[in-house]
Amino acid sequence: MVDAPIAGVRTYRLSARLWEPIGTPHGKTYRRESLLVAVDTADGRTGWGECGGFPEAAEVLIKERLAPILFGQCALYHERLWQAMWLAAQPHGRRGAMMGAISGLDMAIWDLRARTLEIRAGDLFGGIHREKLPCAAIGLYSTDGPEVDRIPRLVDEARALVENGYRAIAVQFGRNLTQDKALIVGLRNALPETAFTAEAHGAYDLPEAIAIGRLLEENRFSVFEDPVPADMPDLYTHLAAAVRMPLAAGRLLQTRTEFENLLRTRCVHVAHIHLAWCGGPTEALRIRALASAHGINVSPIATGNAIGVAAAMHFLATDIRQPGRTDAPPPLLRRDGLRDPLRDHLSGGMLRLEDGLMTIPKGPGWGIDPDLDAIERHIVTTQKLTPSTILP
């Protein structure tokens, strides 16, 4: 068995201006920012990962706390490495930027393991069940311009996404209650057969969520996503008693402990998960097993740079839907419907949407070798960490 030790860690803090700004209840986003991380072995192999959260915070944590733990260790022993990072995080808190940094390193280690074994990362997850994934678009963000034109503009965007082959659209809500209600009715009247879900970013209080939830029911939206903050699980208990539609949450949660607090309410019907934030693939698999014990399906969020999207694809391609049946509909990959430079440029065209489907990359690991020229175009800072550069 190949046993080349980990010899170095590289980080690339990236930033790219969006072609058009997007708005959420928490403000406007003008740029995509990300921390790309590479874990290198002594014999020249590399695994790639993505860290969630503030990239500058993860950049420092990797240099000062986490990279030294990996040096000299065998990348095949991912569980041991994850536990070592987990223990190192304990004095500083196992939440936030620390877990985002661990997630990216863990993702890179999974890629490196699979490349060492010359197989796809999905094979390490238990085996790929589907080579193509139908996609749901995350879109219809609030935009600039007169409010009188807002709903027609968003309806036109929805039509374009449907024409692009998306099987469903996750509509962004939570900015303004009156406008949200008008958008719900406007979309359903304009597109009576389109599958819509509602993403509220945890921006409603309980009475608002109940009112919006009932209107969503009337207009045949299929899922109410993040209606109230997921770190307040009791709110989901009250909301589930007041509305009859499925609820989804979890994309901002970290570790199986936070997910268990939410799942034990038995009021969330779909758990969303972000592999670059929750604790990485190692913890994501534990969360998926935990959710299956509750009879709940887990859906990854395919946003971020190209590596994070590819990891989400492998995770979903290996999932077995609960409770399981021969003719179950395929799960949908939740993918940002906007053009995304850190996804599209870095992938070198390997993550194209075709007829509403994305194909699992064929190469070893995640199947993605980041475009180095694209990295150079979007780089803010970089660091190359080795035992000689950071260890005393």
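The values are calculated or read from the model by the stated rules, or taken from the named source; none is laboratory data. Everything numeric here is computed off the predicted structure, so don't read it as measured data. Note: ideal-geometry Cβ built from the backbone for every residue, glycine included; neighbour counts use all protein chains shown.
Couple of notes before you dig in:
- Residue, modelled with the lowest pLDDT, within the stretch 354-392, restricted to residues that are among the aliphatic types (A, V, I, L, M) and in a helix (DSSP H, G or I): I390
- Those residues of the stretch 292-309 which are in contact (Cβ under 8 Å) with a residue 12 or more places away in the chain and outside any strand (DSSP E or B), in sequence order: S292, H294, G295, I296, T303, G304, N305, A306, I307, G308, V309
- Considering G49, G53, G8, the condition of being in contact (Cβ under 8 Å) with a residue 24 or more places away in the chain, in a loop (DSSP other than H, G, I, E, B) and surrounded by 17 or more Cβ atoms within 10 Å (Cβ to Cβ) is satisfied by G53 alone.
- The lone exception for A88 - which of (1) farther than 29 Å from G174 by Cβ; (2) out of contact with any helix residue (DSSP H, G or I) (no Cβ under 7 Å at 6 or more places or on another chain); (3) surrounded by fewer than 18 Cβ atoms within 10 Å (Cβ to Cβ) it fails: (2)
- Taking the criterion of being without any contact (Cβ under 8 Å) to a residue 60 or more places away in the chain and either of a type outside the set (D, E, K, R) or touching a Cys at 6+ places or on another chain (Cβ under 9 Å) (or both), the only residue of the stretch 118-139 that qualifies is L124.
- Residue count, the stretch 336-377 (criterion: closer than 22 Å to G165 by Cα, of a type in the set (K, R) and out of contact with any Leu (no Cβ under 7 Å at 6 or more places or on another chain)): 2
- Of all the listed residues (G44, G104), the sole one being in a loop (DSSP other than H, G, I, E, B) and in the same structural domain as S15 (by TED's automatic domain parsing) is G44.
- Any chance G96 is at pLDDT below 95, within 30 Å of T194 (Cα to Cα) and small (G, A, S): no
- Checking the stretch 2-21 against the condition returns no match, with no residue being modelled with pLDDT under 95 and under 18 Å from the mean Cα position of the chain (by Cα).
- Residue, surrounded by the fewest Cβ atoms within 10 Å (Cβ to Cβ), within the stretch 178-220, restricted to residues that are part of a helix (DSSP H, G or I) and among the acidic types (D, E): E218
- Enumeration of residues in the stretch 268-298 that are buried (at least 23 other Cβ atoms within 10 Å of the Cβ) and of a type in the set (G, A, S): A271, A276, G279, G280, A284, A291
- Condition met for G367 (under 26 Å from G53 (Cβ atoms) and more than 18 Å from the chain's Cα centre (by Cα)): no
- Checking T178, T257, T194 one by one, the residue that is hydroxyl-bearing (S, T, Y) and in contact (Cβ under 8 Å) with a residue 24 or more places away in the chain is T194 and no other.
- Unique match (being at pLDDT 90 or above, under 24 Å from T197 (Cβ atoms), part of a loop (DSSP other than H, G, I, E, B) and not hydroxyl-bearing (S, T, Y)) among L351, L316: L351
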